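Structure first, then comments.
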Amino acid sequence: MQPWTIPGQSMTLTAFIEYFLANGIFRFRIPMLFIISGFLYALHDQKPYKQRTNKRLRTLLVPYLMWSAIGILFTFLLESFPAGRELVKGSHIVQIDDTRQLLHDYKWYELVFRWIFLPVPYQLWFIRVLLIYNIAYPGIRWCVLHHTGKWILFSVAVLMWLGTMSFVFFEGEGLLFFSLGVWMQKKDFSIDSPGHIFRPLWWGIAFVVLAALKTALAFQGQSFLGNAIYPVLTILHKSVILSGLIACWFGLDPLVRWCMERRWFSWLSAFAFIIYAMHAPLVAYLINLVLALLASLPGTHFLAFVLLPLTIITLAIITGAILRWISPKVYGLLTGGRGL
């Protein structure tokens, strides 16, 4: 979904909760990952650029290409069965136009393009973008450390982020928050103490209220705002992200500590990358099937919203645990050495 996405359905409790979570509360996570990535990358400036870049090629590019290939192969095999073809068509993930809805319809160079630039596991865009920012890090660092460069960089990044724009392989959300992470590390910004302006309580209240307001307007706002609803939703979306970042960054330390003190949680967290890599396109291929299977039960949509992700997460953890046990080397290649 985009910041301005309108659900196009009546507002039920289930629909409200789904939109409130998926296009509201949870949308701060990717910006936070970019901040953390930029901060951590800036910590190791003493290492040579070539050494760091080669390591990122191994830990980011190799898993990216491998999982992109797995996604193509899995989809190609799924299309070999009539039921599987319908699942792929229903997801619209690989659709090029009205007549070409399957990978079997692709020309060879279109398959290569999708493998490298537009993976079937669409969540891999984060790895691609992060790799580009890592390669461009010397330029980003120079801008952050110089007054004029800093203003130019952040002015462009903020405008791109507010407009949800991309320029070639640079997109606003990643550029802004990765650069912000680099700035935080270089300027010794306190990442532990919130200070007066960043107290998490009020930011947390704003976070929830703004997400709820955005959700209500997404369902019912167009009737009295007309086309003005789109910029309103966009502004609210960005406000939700900023308030969520501050509230969760400074307010969730006790929860994180509690979780990481549990051995079972620490064990499960080792499979975070496998969960990330496997969850799509499975969730998109299976959603219509799951809705059909649960159609006779009350609260069908909410059950699917909860049970399908939990099932896929469980499958990913089991797959990761077995693969790590059988072949740690292959597991390491697929995860970039994470979780070993």
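Computed values, structure above
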| item | result |
| --- | --- |
| Test: residue in region 63-77 that is under 27 Å from W183 (Cβ atoms) and in a helix (DSSP H, G or I) | yes |
| Enumeration of residues in region 85-139 that are closer than 30 Å to R52 by Cα, without any contact (Cβ under 8 Å) to a residue 60 or more places away in the chain and aliphatic (A, V, I, L, M) | V112, I116, L118, V129, I132, A136 |
| Pairs where the first residue, in region 156-184, is more than 21 Å from Y41 (Cβ to Cβ) and the second is of a type in the set (S, T, Y) and surrounded by 14 or more Cβ atoms within 10 Å (Cβ to Cβ), C-beta under 8 Å, 6+ apart | L162/T234; T164/T234 |
| Matching helices (runs of 4 or more DSSP H) fully within region 101-198 where at least 2 residues are in contact with a Gly (Cβ under 8 Å, 6 or more places away or on another chain) | 125-135, 137-145, 147-162, 172-186 |
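Rule-based calculations on the coordinates, nothing more; no lab input. The shown structure was predicted, so the numbers you read here are calculated from the model rather than taken from an experiment. Positions of Cβ are generated from backbone atoms using ideal geometry, with glycine treated the same way; all protein chains shown enter the neighbour counts.
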